[in-house]
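The values are calculated or read from the model by the stated rules, or taken from the named source; none is laboratory data. For clarity, every value in this text was computed on a predicted model and none was experimentally measured. Cβ: placed from backbone, ideal geometry, glycine included. Neighbour counts: every protein chain shown. The protein model used for the area step is the full one, side chains on, heavy atoms only, and it has no ligands, DNA or RNA in it. Shrake-Rupley method; radii C 1.70, N 1.55, O 1.52, S 1.80 Å.
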Amino acid sequence: MNEMEKLKAEVKKKGLKYHIITYGCQMNAHESEKIAGILENIGYTPANSKEDADFILFNTCCVRENAEQKTFGNVGRIKKLKQLNQDMLVAVCGCMMQQEKAAKKLMETFPFVDIIFGTHNLHELPGMILSYKSGGERFYSAPETQELHDDVPQKRAEGPLASVNIMYGCNNFCSYCIVPYVRGRERSRSAEDVMREVSGLTAQGYREVMLLGQNVNSYDGGINFARLLKRICGETDIPRIRFMTSHPKDLSDELIEVIAAYPQICRHIHLPVQSGSSRVLRKMNRKYTREAYIALAEKIRERIPGIAITTDIIVGFPGETDVDFGDTLSLVKRLRFDSAFTFVYSPRSGTQAAEMPDQVDEALRTERIMELVALQNKITEERNREYEGKTTQVLVEGISTRNPGHVCGRTSTSKMVNFEGGADLIGHFVDVKITRGKKTTLFGTLVEEGM
Ligand code: 5AD
Ligand code: SF4
């Protein structure tokens with residue numbers, strides 16, 4: 001028996017279980033599905049909670065400081081569980097651990113953390129476990145690599161939705177953002193690989209795929225992103241396709257035309273604007289102006305009627321004046337986004353913006369975020385109320401967490417809809433008449449079951 005076979009036998013004999021705690025974006029959530037796949041291949045089974053687990057993994061995020069603080073707090077609390085279970089392994093991985101300084105600090109603060117790895121070596125996890133068990137090191141640093149390692153098993157979340165990575169990394173170096181440093185340069189999967197994965201998922205019964213990349217518009221896997229979407233629509237039977245995230249600087253007319261032409265592509269585009277001030281956008285290195293963004297959003301709405309546009313906005317970027325912030329508010333009023341993720345600027349060491357003078361006072365940042373959130377909440381609710389009285393198609397994803405007699409799912413425009421129904425509807429497209437539009441959810445009644 002080789003070492004791996006011995007490990008598998010031990011995991012099976014003891015019935016060891018794993019639990020993954022994920023922070024951050026959809027990319028991280030999807031990578032946790034890969035970690036789960038790798039662990040289940042070794043024989044681990046899912047635990048119901050961390051208290052019930054023998055292997056706890058933290059998949060971390062470092063995009064803002066509060067994500068890091070949360071991680072430190074939560075990893076610290078695992079110490080007690082570790083002392084109670086002699087089989088317990090604790091691993092910390094992901095973006096935060098790709099920064100050597102943060103990884104070292106974590107290693108020193110928490111001697112009970114057994115394995116630490118970054119974003120480039122997830123596929124080597126089985127080897128790390130073996131090496132750790134035979135007295136090897138704790139920290140598995142991984143230099144940035146151009147290679148893709150997509151051939152790892154994946155344990156997907158239950159339900160009709162599946163995520164598919166189409167590219168990794170980012171080349172944009174927005175001046176506030178740590179992602180290019182921890183995720184490395186852009187690497188695209190080949191169109192053939194993506195097609196094979198989407199076809200496979202369709203055959204397995206998945207009804208919606210989410211194509212993931214830090215900036216899907218610069219996908220280059222032999223063909224560009226617009227053509228990739230066209231191929232998926234033309235050559236697979238997947239009923240619904242979403243994608244995330246689009247950078248406004250290179251969202252092409254070709255892409256807009258492809259979305260307009262294929263109803264399988266969801267009527268939703270996430271298009272982070274970050275600021276409504278051209279002066280701030282320049283300092284952010286976003287490579288578009290306020291006017292160009294507004295023109296793009298209006299063009300998208302004109303070509304694809306009914307499309308929902310959502311965005312990300314940062315307030316309190318260094319040097320942001322009252323006038324700049326006023327420009328953000330006026331852009332939000334003018335474009336009336338369906339919803340927005342709003343963030344207080346958080347300086348990230350190593351990025352350009354962290355070194356800029358005129359960091360905005362914390363009280364002022366808080367004041368601005370509150371004003372922006374209040375404005376956007378009102379707009380989001382008004383937009384959702386526009387659905388009242390209309391019938392819309394929903395892909396049912398699961399039982400409502402609030403009400404076991406209700407199910408929930410999304411519209412093509414990515415609105416969450418809640419209505420009375422049972423588990424038999426999960427994975428089906430149904431028509432729902434919307435009776436109420438609230439801030440985060442639409443409520444309705446089932447009209448008829450579709451395909
Ligand atoms: N501070 C605040 N928000 C940030 N984001 C990225 N970096 C920072 C930062 N340093 C936001 C951006 C991005 C989203 C994923 O996170 O709005 O689009
Ligand atoms: Fe960060 Fe900008 Fe790349 Fe998005 S496009 S991941 S904000 S550097």
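Cβ neighbours within 10 Å, averaged per peptide: list 119-126, 4-11 in order, most packed at the top.
Final packing ranking: 119-126, 4-11.
At 222 nm, what helix-only mean residue ellipticity would the chain give, in deg cm²/dmol to the nearest 500, using -39500 (n - 2.57) for each DSSP H run of four or more?
-11000 deg cm²/dmol
How big is the Rg/Rh ratio for the range 177-266, C-alpha atoms only, Rh by Kirkwood, two decimals?
My calculation puts Rg/Rh at 0.97.
Out of the total accessible area of the range 3-141 (probe 1.4 Å, heavy atoms of protein only), what percent is carbon and sulfur?
49
Which order, highest average first, do 87-98, 29-40 follow once you tally other Cβ atoms within 10 Å for each residue and take the mean per peptide?
The packing order, highest mean first, is 87-98, 29-40.
Can you give me the relative contact order of the range 380-451 as a percent, contacts being Cα pairs under 8 Å and 6 or more apart?
So the answer I get is 34 percent.
Which value, in nm² and rounded to one decimal, describes the direction-averaged projected area of the C-alpha convex hull of the chain?
22.3
What does the charge add up to near R187, with Lys and Arg as +1, Asp and Glu as -1, over the other residues with Cβ less than 14 Å from its Cβ?
Local net charge: -3.
Tally up the carbon and sulfur contribution to the accessible surface of the range 161-385 as a whole percent, 1.4 Å probe, everything protein left in place.
51
Show log10 I(q)/I(0) for the range 3-141 at q = 0.14 Å⁻¹, two decimals, from a solvent-free Debye sum over equal Cα scatterers.
-0.58
Taking the solvent-accessible surface of protein heavy atoms with a 1.4 Å probe, what is the per residue accessible area of the chain in Å²?
Dividing the accessible area of the chain by its residue count gives 44 Å².
So, counting K/R as plus one and D/E as minus one, what does the shell of residues with Cβ under 10 Å around V273 add up to?
Summing Lys/Arg as +1 and Asp/Glu as -1 gives +1.
Would you mind giving the three semi-axes, in whole Å and largest first, of the ellipsoid equivalent to the range 88-202 according to its Cα gyration tensor?
Taking √(5λ) for each eigenvalue gives 28, 20, 13 Å, largest first.
Going out from 0 in 5 Å bins, what whole percent of all Cα-Cα distances in the range 391-446 drops into each bin?
Binned Cα distances yield the sequence 5, 24, 38, 26, 7, 0.
Taking Cα centroids, how far is the range 254-289 from the range 121-150 in Å?
36
How would F243, F72 rank on accessible area, largest to smallest, probe 1.4 Å?
Greatest to least solvent exposure: F72, F243.
Could you pull the accessible area for L201 with a 1.4 Å probe, rounded to 10 Å²?
0
Suppose we keep just the DSSP beta bridges with both residues in the chain; what percent of those would be antiparallel, to 5?
35
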